[in-house]
1. Pairs please, first residue from the stretch 265-294 and under 15 Å from F114 (Cα atoms), second anywhere and in a loop (DSSP other than H, G, I, E, B) and of a type outside the set (S, T, Y), Cβ atoms under 6 Å, 6+ apart in sequence or on different chains.
2. Looking at A236, A232, A228, which is the one that is surrounded by fewer than 21 Cβ atoms within 10 Å (Cβ to Cβ), out of contact with any helix residue (DSSP H, G or I) (no Cβ under 9 Å at 6 or more places or on another chain) and under 28 Å from I135 (Cα atoms)?
3. Say we look at the stretch 7-36 and pick out the residues that are aliphatic (A, V, I, L, M) and assigned to a helix (DSSP H, G or I); which of these is farthest from T63 (Cα to Cα)?
4. Collect the residues in the stretch 39-52 that are within 16 Å of A13 (Cα to Cα) and surrounded by 11 or more Cβ atoms within 10 Å (Cβ to Cβ), keeping them in residue-number order.
5. Only residues that are under 9 Å from I193 (Cβ atoms) and without any contact (Cβ under 8 Å) to a residue 40 or more places away in the chain: list them for the stretch 204-231, please.
Amino acid sequence: MELRQIQYFKVIAEEEHFGRASTRLRIAQPALSRQVKLLEAELGLDLFERLPRGVRLTAAGATFLGHCTTILHDLSQAVTATKAVAAGSQGVLRLGFIEVAAWSGMIPETLRTFRRRYPAVRLELSAMPSTSQLIALNDGTLDAGFLYNPPDDPALVSLPMAAHGLMLAVPAGHSLAAEPSITLDRLANQPFIGFRRQASPVYHDQLSEALNRAGFTPTILQEMDSEADMLALVNAGAGIAFVNSCQRWRCPDGVILHALPQLQVTLQLAFVYRRDSGLPALPHLIRLLGEIDRT
């Protein structure tokens, strides 16, 4: 049984006349009749009753028409969906992101715009640390991610998006809270809540090197895996901390953030994906990133 036979049969059933069906299909009537006879022979039954002026579906033919209509509709939908996925206007993109960087600015603006332009592409978003995103990119469980300080990896493409600095987080009631400007020497002997190196080795090492160059060694009381946990301890009065300047978008009420011009450490936010990625929707997102104000 061939697809064209099903298509021919459906048109004949709609027209109830071989001649009209022949004209509509632009195929000679003898050839059309031959294809229907081959179809009926394969099924071992009559699909039409031959009338003096046309044809009429048999009961079996009416049943077959219902199923053929469904088959042709499903096939049409399959072709449309396949072409949409190939064009990148339909499908799934699995994206990772750094939570603090997504509270405001470039990331949420990009995702909102992408959803408006490509509503049939489903974005599966996961808040993950940079190290976890890199692991997921390499094992194929993420398609791309917004992460900090990506490594120099030939298997990955890294597009710089934004540079975020550091700020000093102190409890609202702390003696430093009301000071208009703070230098590192004012932080001597202050208890610090630190950031565990395993959570972001590149950032941890950059911060350590910058502090060493400045001749400052913080007194670390405790190290945490996330800045959210660090801010919770600062809010509880357990110490002070160096944090991402993006924390100003969600800083706890009991925490004051101060700029630190003396400490030039940059967290480089990048959009990272595998160089061998063949996802058709990904180039649309990459092009959109070029249009977004990266702040």
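1. P280/G88; A281/G88; H284/G88
2. Working: A236 fails: under 28 Å from I135 (Cα atoms); A228 fails: out of contact with any helix residue (DSSP H, G or I) (no Cβ under 9 Å at 6 or more places or on another chain).
Testing whether each residue is surrounded by fewer than 21 Cβ atoms within 10 Å (Cβ to Cβ), out of contact with any helix residue (DSSP H, G or I) (no Cβ under 9 Å at 6 or more places or on another chain) and under 28 Å from I135 (Cα atoms) leaves just A232.
3. The initial filter retains those residues of the stretch 7-36 that are aliphatic (A, V, I, L, M), namely 11-13, 21, 25, 27-28, 31-32, 36.
Going one step further and asking which of them are assigned to a helix (DSSP H, G or I), we end up with 11-13, 21, 25, 31-32, 36.
Details: V11: 15, I12: 15, A13: 12, A21: 20, L25: 23, A31: 24, L32: 21, V36: 16 Å.
Step by step, filter the stretch 7-36, then rank; the result is A31.
4. L39, E40, L45, D46, L47, F48, E49
5. Within the stretch 204-231, the subset under 9 Å from I193 (Cβ atoms) is 220-224, 229-231.
The answer is I220, L221, Q222, E223, M224, D229.
Just so you know, all these numbers are worked out from the coordinates, no wet-lab data involved. Bear in mind the structure is a predicted one, so any value in this text is a computation, not a measurement. Please note: Cβ atoms are built from the backbone with ideal geometry, for glycine as well, and neighbour counts cover all protein chains shown.
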